[in-house]
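Report on the structure given below.
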Amino acid sequence: MTSLSSLHQQLEAMRPVLFRFAMLQLRNDSQAEDAVQEALLAVLEKPDSFAGQSSLRTYVTGILKYKIIDCLRAANKEISLQIDDDESEADLIDSLFTKNGHTQEPPKAWGNPDASLEQKDFFRILEVCLEKLPANTARVFMMREWLELETEEICKELALTTSNLWVLLYRARLRLRECLDLNWFANKT
């Protein structure tokens, strides 16, 4: 039981960092808090799933990444479910499923968050470099490179033109390269 208590304390300590990361992408307090809560709950429900191949923070951030993507995509796909006068609640529920009983859209696979975040020191430096970027530039970069959203999705979400998006990405990459050259690669030679 002590290890579960220790895990809970570690998760509570990293909550502010996770919340800032979620807010950068979602720009909504309640959505960011929900995404963080879901990520932390996923870890607490299956504590044995953390194999220790990366840091706990890296593991939880990987889970949070997928929660944020789900939240961004859900906002664009939300269906207003209203019962018309000529249909029953059962008809409404039936519309959510295929004829063979499966959901219309199967849940998305989480992948392996540990494999995508192997170099924790590099990502710590990258995080510092990202915090030095202007907020909107960092957000665009993270949406494109970290969350792997398509250009159209980012432009729609942030009300940007394609050319404006590419300018922001270009500036972000230049500044990150400069920061990483100074703080990461300079220490490797």
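Six or more apart or on different chains, Cβ under 8 Å: which pairs go from a residue in the stretch 18-38 that's not assigned by TED's automatic domain parsing to the domain that holds K67 to one that's buried (at least 22 other Cβ atoms within 10 Å of the Cβ) and in a helix (DSSP H, G or I)? Could you list them?
none
Which ones in the stretch 106-140 are at pLDDT 70 or above and closer than 23 Å to R73 by Cα?
A135, N136, T137, A138, R139, V140
So which residues in the stretch 145-184 are aromatic (F, W, Y), more than 16 Å from E127 (Cβ to Cβ) and surrounded by 12 or more Cβ atoms within 10 Å (Cβ to Cβ)?
Answer for the stretch 145-184, where residues must be aromatic (F, W, Y), more than 16 Å from E127 (Cβ to Cβ) and surrounded by 12 or more Cβ atoms within 10 Å (Cβ to Cβ): just W166.
The values are calculated or read from the model by the stated rules, or taken from the named source; none is laboratory data. From a predicted model like this one, the values you see are computed outputs, not experimental measurements. Cβ atoms come from the backbone with ideal geometry, glycine included; neighbour counts cover every protein chain shown.
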